[in-house]
Amino acid sequence: MKKLLLFALVSVVLASCTSRTGHLTGSQGRRVYHPQIPLGMVYVPSGAFQMGENDGDVPFLHQTRPRTVSVQGFYIDQTEICNNEYRQFVDWVRDSIAREKIYEGLDEDEDAERFINYKDRYFDEGALEYVDYDASDRQLNREVFNLNWDRRIDYYDEDVVPLLADMYYPQPQRYYKRREIDTRKLMFRYFWIDYVEAARRGRINITPNGYDNQGNKIVDDHRELETPPHPFTEEPQGQDLDLSNGINKKGQNNGIRGHANRQRFIIDEIINVYPDTLCWVRDFTYSFHDPMTNMYFWHPAYDNYPVVGVTWVQAKAFSVWRTQLLNSWLVSMGDLFVNDFRLPTEAEWERASRGDLNMSQYPWGGPYIRNESGCFLGNFKPMRGRYFEDGGFHTVKVYSYNPNGWGLYCMAGNVAEWCETAYDESMYEFSHDLNTEYRYNAMDWDPPSMKRKVIRGGSWKDIGYYLRNSTRTYEYQDTAKCYVGYRNVMTHLGRGGKDFTKEGGEEIRSDIQLR
């Protein structure tokens, strides 16, 4: 009898797990997401603030008209990206190139296969069948399998040295016969998606960079910046597709439209990642900065100083690499992807800089640039010819001075910081008040004015005006300066309230009441 009762109970439990209820329950088996702050970042909740100048501005400047905007919750680096953090990126690029060369160059297949994560049997998508791993077909294997990063590289191994010879400077270019990595070879390939172009509908199949799909140039370098006519007398060719199965009996076509091939919106880029160390000499005339050029990026004395000499494009490439680094680790731990690391928008940067003090002139909250003891509160140019009065000659360590209300260091001074936003004097006039942003992907032939990107915060060589929360200026996206660095942000997953820890978990039925 007990066995029958136990069998009945088990049957009921199994039936309750597998039977359909007939009610809308949502997809079952979904994970419960608990948000976590990425290492080295702080959380800035969603909210509104007055963006722009809230005190005296330069007369007739008219580029920071005050307006109230709302910004979604996000995480932001507590400090500027330092030399040692960026060096991790450079070392990763160096090691990935070395692994490729070693895998391709080793004589024995058994030795080479240790540098890829291969499987004995895998699915061939071209043949639509499972095939056995063949160690001799290295080109195919590299297309299928990723590099093995658990395998350490001995750069002094007798078998490895000849394979990596072309990664070093050739003999005539060596200084005192030093065998050093040729930094011109440190090229990083990455991808990003042009969501703005992908979201457009009904346009003729012309790529936004002025080339057709065969790579032929179809516009002049100095074309007129006006919208060309598009008489839609027939179905536009190539870009949009009708994803429906036709029309219904009433003649209605309720299908959505989509792209024929999304490959054109996945942008493939290759960029050199090594900072421009000569920027220290280039940015100043009749000034001696050779020691900074020689030592600043590589010497351990400057490990915790902000990285400089990085262009806006290099900063974006670093953000892509950092995203892949974290997501790869999360997947290996059985976790889920998170939002991308990226440069902050101008609105995000200003909200972070204000430290939840809406009308403050500086990140530390007051209208003055000194504290009550008369000490300067940031690293900038306080007086003519007196750079060291604030405690810093050039840059200082990224944790210097006191943090603002969010716990962020050096939001004013030290180095100015790249923003994602394209610079336009009238941006405050036409931009939206919800996640305010303006972007423009400038091409090589675009005029220099279209390549301007916003920098914020002022630097060690700037006067106090540039340290204000509202002051905006620019640099060109393809230039590297010894006074411009950056920090990353990541958009929060969820509502973005002040206590985001209460947003995760199955026990929360509604987060509307959260504060």
Requested in this report: Determine, from the Cβ-Cβ distance of Phe337 and Ala135 and an R0 of 35 Å, the FRET efficiency 1/(1 + (r/R0)^6), rounded to the nearest 0.05.
Outcome: 0.65
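Report the calculated FRET efficiency for Ile271 and Glu389 (r = Cβ-Cβ distance, R0 = 35 Å), to the nearest 0.05.
Working: r = 38 Å, r/R0 = 1.10.
So, using R0 = 35 Å, E works out to roughly 0.35.
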Requested in this report: Net charge near Ile455: determine it from the other residues with C-beta under 11 Å of the C-beta of Ile455, scoring Lys and Arg +1 and Asp and Glu -1.
Outcome: +1
Query - Relative packing of 189-198, 308-317, 295-304, 467-476, which averages over residues the other C-beta atoms within 10 Å, highest first - result: 308-317, 467-476, 295-304, 189-198
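Order 141-148, 167-174, 41-48 from most to least packed using the mean count of other Cβ atoms within 10 Å. Before the final figure, lay out each step's value.
Numbers: 141-148: 14.4, 167-174: 11.4, 41-48: 18.5.
Top to bottom by mean Cβ count within 10 Å: 41-48, 141-148, 167-174.
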Requested in this report: Step through the table entries Lys101/Lys177; Lys451/Lys481; Lys177/Lys481; Lys177/Lys461, compare each Cα-Cα distance with 27 Å, and write down the pairs that go over it.
Outcome: Lys177/Lys481; Lys177/Lys461
**Report entry** Order by protection proxy (mean Cβ within 10 Å, highest first), peptides 457-464, 277-284, 155-162, 352-359
**Finding:** 457-464, 352-359, 277-284, 155-162
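Rule-based calculations on the coordinates, nothing more; no lab input. Just so it is clear, the structure is predicted and the values come from calculations on it, not from any experiment. Please note: Cβ atoms are built from the backbone with ideal geometry, for glycine as well, and neighbour counts cover all protein chains shown.
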